[in-house]
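Take a look at the structure set out below.
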Amino acid sequence: MRYLATGKAALFCAVIGLVGQPVAVAHLAFDDGSAAPSVRTEAVPYKWGNVKVGAGGYAPNIVFSLIERDLAYLRTDMGGAYRWDAALRKWVPLQDDNATSSYMGIESIAPDPVDPDVVYMAAGISAGQPAAIMRSGDRGATWRIVPVPFAMGGNEPGRGLGERLAVDPNDPRRLFFGSRHDGLWQSDDAGMTWTKVATFPHPGLGKPARGTSHGGVSFVAIDANSGRAGKGSQRIWVGIADPNLPALYRSEDGGTTWVPVATPKLLAAKAAIDARGILWVGYSSGIGPSDARTGAVWRYEPGGAGRDVTPPAWLASGSEGGFLGVAVARSVDGIAAVTTIDRYRAGDSLWITRDDGRTWDDVSGRSRRDVSATPFLGHEGRGADFGHWISGLAIDPFDPARVAYTTGATVYSTDGLRSKGVVNWAPWTDGIEQTAIITLISPTRGPRLVSGFGDLAGFVHDDLRTSPRPSFVNPYLSNTNTLDYAGLAPNVIVRSGSLYADRPREASLALSKDGGRSWRPLQVPAVGQPPTRDDLIGEAAVTVSADGRTIVAATVLPQVTRNEGRTWQPVRGLPGRTRAVADKVDPRTFYAVDVANGRLLVSRDAAASFEPVAGAGLPAELRPAGRQGREAQSALLVTPVRSRELWLQAGSALYHSVNGGGSFVRANGALAVELFGLGKDAVFAVGTFGTTRGIWRSTDDGRSWVRIDDDAHRWGGRYRVISGDPQRTGRVYLGTDGRGLFYGDPMPLH
């Protein structure tokens with residue numbers, strides 16, 4: 001909907017509809033209290049789509065339905081859940097209409113073992129945020145959300161454990177949930193109400209201290225053979241992933257009493273129960289995904305007797321890494337599979353047994369991977385390996401040769417995991433976009449979009465519908481923190497990034513002269529006493545002039561180069577770690593915000609020096625314009641196609657100048673702005689109007705705003721960066737924290 005506020009008008013009203021509804025009414029009042037006429041205006045609906053990468057993030061587990069062929073669910077740590085749609089041959093996101101950030105971290109997922117249309121989820125991203133148990137009766141199209149008092153950790157350490165949520169096959173209204181913080185819980189009414197199981201021996205450790213985490217109850221497994229329909233199952237297994245406690249408990253009376261079971265001196269990480277009622281458990285010394293030093297695999301008879309079936313070849317190779325992936329073939333007795341995690345020297349792998357654990361086959365040596373559909377998996381010039389952070393593993397209940405596993409970057413599957421021959425794996429990711437976007441640019445010419453990602457470096461997107469090839473090398477940096485392009489020579493791009501702690505680089509800044517397709521490192525001289533390469537710690541933003549000839553590095557002592565980094569000089573008048581912003585038309589003009597002294601700065605000599613500019617109309621306090629952290633978006637932007645036109649965000653207010661900062665006018669009305677970006681004759685913002693948080697657009701320099709998202713497109717409200725496209729009217733790019741990168745275009749009105 002669209003609400004107008006011009007001149008002295010201050011806007012106040014409640015949102016009364018959704019984008020796509022034809023008419024809304026906004027009531028205006030002037031500062032002196034006099035009424036203004038109501039404004040009736042049509043909304044502008046947008047069409048949204050993902051910029052394709054293909055997965056890209058950590059998916060802790062994949063779960064098949066036991067009762068319907070080709071029905072599977074995937075849970076992610078901060079990007080929500082997905083369902084495999086066999087008819088469409090793609091994964092369907094199940095929470096794009098969710099506006100609660102915490103619910104995008106999925107702690108556990110459980111397809112109903114009786115009704116294929118029913119599925120449950122435990123959602124909650126961390127201990128300090130809201131948690132809920134969700135139920136869907138239409139395969140995730142809609143959800144009933146029940147907030148719960150026990151905390152979850154869908155994006156905490158230990159998120160690869162599980163599954164913590166279980167539905168009784170003999171009484172599907174009875175559910176159990178194992179909390180990582182607060183013991184074992186039970187529901188007898190399909191998740192509507194929950195009661196703590198008071199007799200369970202491990203009541204929980206409470207919410208963890210800052211910087212720590214609990215594994216808590218790591219899984220619940222119910223043996224369907226121990227009951228009958230309508231009477232409930234009696235045998236329940238529960239794993240524990242906290243040290244100095246029994247790792248496995250068993251109940252033979254439906255959860256009334258519990259006894260500990262013999263285990264190795266490790267944490268119970270993951271389990272699967274086969275059609276005979278045999279429980280397979282993967283053990284680990286840590287809760288994962290990066291602290292598992294050793295592990296074991298055990299097999300338990302229904303009566304409770306257990307034996308160690310750890311693969312002998314894994315033991316012989318050094319016993320490195322834990323076992324966080326466990327799966328069984330429900331259709332063939334004796335087949336089970338496990339995957340390692342944190343096995344750095346020999347590499348992680350998948351092991352399969354076909355004789356109840358007496359012998360094991362290491363599949364990695366006969367595996368081949370075709371990643372042509374998602375070529376980013378070959379980043380940094382290395383071929384795609386078997387994977388890291390492998391914690392999700394599933395065998396199709398209807399086809400033991402069909403196996404899938406999840407990694408820290410993708411989901412692999414095969415239809416041909418047999419006893420002999422090459423195993424061909426391919427990404428099973430069409431429809432999954434689970435990445436965190438830190439920054440992006442849309443140049444005035446050349447590629448429409450260049451992105452900076454967390455973990456995946458970044459990409460040049462020549463085709464938004466095709467997974468891009470990796471090009472952010474020399475240096476390769478896992479995170480791209482800032483990007484900038486030369487307004488008059490947009491093929492000139494600079495970037496800054498962060499280094500992996502265990503993979504040092506000689507530079508964290510880079511220059512491209514071909515639109516981001518190839519790069520060369522920029523090294524800034526050491527400064528201070530003793531001399532230190534301040535640019536190497538990843539904190540320095542980088543900026544390039546309109547003609548591409550001047551580059552400014554925001555190091556602790558800002559530096560400028562005019563010869564592509566061969567020599568550098570200190571910048572006079574620019575405070576340390578202060579990001580410069582280049583005019584996109586005038587090569588000699590740069591701007592910056594001096595937060596400490598509350599001043600706007602300008603350089604008219606190609607960043608040789610900066611001096612204060614009047615900045616009339618700005619608030620006295622500019623501290624909110626100094627966003628903190630190397631991944632923070634700049635609060636000061638310059639219009640892509642006009643010189644001396646500035647936009648500055650201070651707190652939730654937005655200011656506009658058309659005279660190089662000489663004077664500013666307030667440009668956001670009653671819209672509280674969180675993020676903003678500039679496009680072709682438009683300003684875009686993430687913000688809140690009244691009680692409605694959404695995505696907004698203004699085409700009249702902020703005098704009026706229209707909401708362009710809708711209640712079907714909320715993505716958990718996890719927004720990190722927004723920008724328009726200077727080449728295409730109405731186009732907007734939106735980077736999320738976990739649900740990937742989106743583009744939106746106005747839909748034609750009929």
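The values are calculated or read from the model by the stated rules, or taken from the named source; none is laboratory data. Keep in mind it's a predicted model, so treat the numbers as computed, not measured. With ideal geometry, Cβ positions are generated from the backbone for all residues, glycine too; neighbour counts draw on all protein chains shown. Accessible surface areas use protein heavy atoms only, side chains included; no ligands, DNA or RNA. Shrake-Rupley method; radii C 1.70, N 1.55, O 1.52, S 1.80 Å.
Return the only residue of G548, G573, G565 being of a type in the set (G, A, S) and without any contact (Cβ under 8 Å) to a residue 40 or more places away in the chain. Write out each step before concluding.
Numbers: G548 fails: without any contact (Cβ under 8 Å) to a residue 40 or more places away in the chain; G565 fails: without any contact (Cβ under 8 Å) to a residue 40 or more places away in the chain.
On inspection, the qualifying residue turns out to be G573.
Given (1) part of a loop (DSSP other than H, G, I, E, B); (2) over 26 Å from M78 (Cα atoms), identify the lone condition not met by N424.
In the conditions (1) part of a loop (DSSP other than H, G, I, E, B); (2) over 26 Å from M78 (Cα atoms), N424 misses (1) alone.
Is one or more of the residues making up segment 633-648 touching a residue at least 40 places away in the same chain (Cβ under 8 Å), surrounded by fewer than 22 Cβ atoms within 10 Å (Cβ to Cβ), of a type in the set (S, T, N, Q) and part of a strand (DSSP E or B)?
So far as segment 633-648 goes, no, none of its residues is touching a residue at least 40 places away in the same chain (Cβ under 8 Å), surrounded by fewer than 22 Cβ atoms within 10 Å (Cβ to Cβ), of a type in the set (S, T, N, Q) and part of a strand (DSSP E or B).
Just need a number here: residues in segment 263-279 that are over 15 Å from R235 (Cα atoms) and either more than 33 Å from the chain's Cα centre (by Cα) or in a loop (DSSP other than H, G, I, E, B) (or both).
Narrowing segment 263-279 to residues over 15 Å from R235 (Cα atoms): 263-270.
Of the ones still in play, those that are also either more than 33 Å from the chain's Cα centre (by Cα) or in a loop (DSSP other than H, G, I, E, B) (or both) are 263-266.
Total meeting the criteria: 4.
In segment 623-632, which residue that is on the phi < 0 side of the Ramachandran plot and of a type in the set (G, A, S) is surrounded by the fewest Cβ atoms within 10 Å (Cβ to Cβ)? Break it down into steps so the answer makes sense when it comes.
Here is the first cut: in segment 623-632, the residues on the phi < 0 side of the Ramachandran plot are 623-628, 630-632.
When the remaining residues are screened for being of a type in the set (G, A, S), the result is 625-626, 632.
Details: A625: 22, G626: 19, A632: 17.
Residue satisfying both the conditions and the ranking: A632.
Where the second residue is surrounded by fewer than 22 Cβ atoms within 10 Å (Cβ to Cβ) and among the acidic types (D, E) and the first is farther than 14 Å from P172 by Cβ and lies in segment 216-240, which pairs have Cβ atoms under 8 Å and are six or more apart or on separate chains?
What qualifies is G216/D242; S226/E252; Q234/E252; Q234/D253; R235/E252.
Scan segment 538-564 residue by residue and report those that are open to solvent by 20 Å² or more (accessible area, probe 1.4 Å) and in contact with a strand residue (DSSP E or B) (Cβ under 9 Å, 6 or more places away or on another chain).
Residues satisfying the conditions are E539, V556, L557, R562, E564.
Can you say whether G255 is among the small types (G, A, S) and either surrounded by 22 or more Cβ atoms within 10 Å (Cβ to Cβ) or in contact with a His (Cβ under 9 Å, 6 or more places away or on another chain) (or both), as far as the supplied structure shows?
Numbers: among the small types (G, A, S): yes; either surrounded by 22 or more Cβ atoms within 10 Å (Cβ to Cβ) or in contact with a His (Cβ under 9 Å, 6 or more places away or on another chain) (or both): yes.
So G255 passes the test.
Going by what's in this entry, would A127 be described as among the hydrophobic types (A, V, I, L, M, F, W, C), over 22 Å from T256 (Cβ atoms) and modelled with pLDDT of 95 or more? Steps first, please.
Values: among the hydrophobic types (A, V, I, L, M, F, W, C): yes; over 22 Å from T256 (Cβ atoms): yes; modelled with pLDDT of 95 or more: no.
Here the answer is no, as A127 does not meet what is asked.
Report every pair of residues separated by at least 6 positions or lying on different chains whose Cβ atoms are under 7 Å apart, first residue within segment 470-498 and within 15 Å of S634 (Cβ to Cβ) and among the aromatic types (F, W, Y), second open to solvent by less than 10 Å² (accessible area, probe 1.4 Å) and in a loop (DSSP other than H, G, I, E, B).
Y485/P443
Can you confirm whether T76 is at pLDDT 50 or above, touching a strand residue (DSSP E or B) at 6+ places or on another chain (Cβ under 9 Å), open to solvent by 30 Å² or more (accessible area, probe 1.4 Å) and among the β-branched types (V, I, T)? Step through it out loud before you land on a result.
Details: at pLDDT 50 or above: yes; touching a strand residue (DSSP E or B) at 6+ places or on another chain (Cβ under 9 Å): yes; open to solvent by 30 Å² or more (accessible area, probe 1.4 Å): no; among the β-branched types (V, I, T): yes.
So T76 fails the test.
Just need a number here: residues in segment 658-673 that are in contact (Cβ under 8 Å) with a residue 40 or more places away in the chain, small (G, A, S), at negative phi and open to solvent by less than 20 Å² (accessible area, probe 1.4 Å).
Selection size over segment 658-673: 0.
On the basis of being closer than 25 Å to L488 by Cα and not in a loop (DSSP other than H, G, I, E, B), does V602 make the cut? Even if it seems obvious, please write down each step before you answer.
Numbers: closer than 25 Å to L488 by Cα: yes; not in a loop (DSSP other than H, G, I, E, B): yes.
Spelling it out, V602 is indeed closer than 25 Å to L488 by Cα and not in a loop (DSSP other than H, G, I, E, B).
Just give me the residues in segment 477-533 being surrounded by fewer than 17 Cβ atoms within 10 Å (Cβ to Cβ), among the hydrophobic types (A, V, I, L, M, F, W, C) and not in a loop (DSSP other than H, G, I, E, B), in sequence order.
none
Find the residue count for segment 582-594, including only residues that are without any contact (Cβ under 8 Å) to a residue 60 or more places away in the chain and either in a strand (DSSP E or B) or surrounded by 19 or more Cβ atoms within 10 Å (Cβ to Cβ) (or both).
Step one: filter segment 582-594 for residues without any contact (Cβ under 8 Å) to a residue 60 or more places away in the chain, giving 586, 588, 590, 592-594.
Restricting the remaining residues to those that are either in a strand (DSSP E or B) or surrounded by 19 or more Cβ atoms within 10 Å (Cβ to Cβ) (or both) gives 586, 590, 592-594.
Number satisfying all stated conditions: 5.
Would you say A653 is in contact with a Pro (Cβ under 8 Å, 6 or more places away or on another chain), under 21 Å from V542 (Cα atoms) and not basic (K, R)? Walk me through it before giving the result.
Details: in contact with a Pro (Cβ under 8 Å, 6 or more places away or on another chain): yes; under 21 Å from V542 (Cα atoms): no; not basic (K, R): yes.
No, not satisfied.
Of the conditions (1) open to solvent by 10 Å² or more (accessible area, probe 1.4 Å); (2) under 17 Å from the mean Cα position of the chain (by Cα), I106 fails just one. Which one is it?
(1)
Report, by residue number, each residue of segment 470-528 that is among the basic types (K, R) and under 21 Å from V585 (Cα atoms). Reasoning before the result, please.
Step one: of segment 470-528, the residues among the basic types (K, R) are 495, 503, 505, 513, 517, 520.
Selection gives R495, K513.
Pick from segment 371-404 the residues that are at pLDDT 95 or above and of a type in the set (D, E): which of them is most open to solvent (accessible area, probe 1.4 Å)?
Going through the qualifying residues, I end up with D399.
Filtering segment 404-421 down to residues that are hydrophobic (A, V, I, L, M, F, W, C) and in a loop (DSSP other than H, G, I, E, B), which residue is nearest to I352 (Cα to Cα)?
To start, the set of residues in segment 404-421 that are hydrophobic (A, V, I, L, M, F, W, C) comprises 404, 409, 411, 417.
So of that shortlist, the ones also in a loop (DSSP other than H, G, I, E, B) come out as 409, 417.
Details: A409: 23, L417: 9 Å.
Only one residue tops the list, namely L417.
Counting residues that are open to solvent by 20 Å² or more (accessible area, probe 1.4 Å), which strands (runs of 3 or more DSSP E) fully inside segment 280-350 reach at least 3? Before the answer, list the steps.
Numbers: elements: 295-300, 306-308, 322-328, 336-341.
Of the strands (runs of 3 or more DSSP E) lying wholly inside segment 280-350, those with at least 3 residues that are open to solvent by 20 Å² or more (accessible area, probe 1.4 Å) span 306-308.
Answer with yes or no whether I16 is at pLDDT below 50 and either open to solvent by 40 Å² or more (accessible area, probe 1.4 Å) or at negative phi (or both). Steps first, please.
Numbers: at pLDDT below 50: yes; either open to solvent by 40 Å² or more (accessible area, probe 1.4 Å) or at negative phi (or both): yes.
Judged against the criteria, I16 is a match.
Mind checking which residues of segment 563-594 are more than 28 Å from P726 (Cβ to Cβ) and not charged (D, E, K, R)?
Matches in segment 563-594: N563, T567, W568, Q569, P570, G573, P575, G576.
I'd like the full set of residues that are under 17 Å from S657 (Cα atoms) and loosely packed, with under 14 Cβ neighbours inside 10 Å, limited to segment 613-622. Talk me through it step by step, then tell me what you get.
First, pick out the residues of segment 613-622 that are under 17 Å from S657 (Cα atoms): 613-620, 622.
Selection gives A616, A620.
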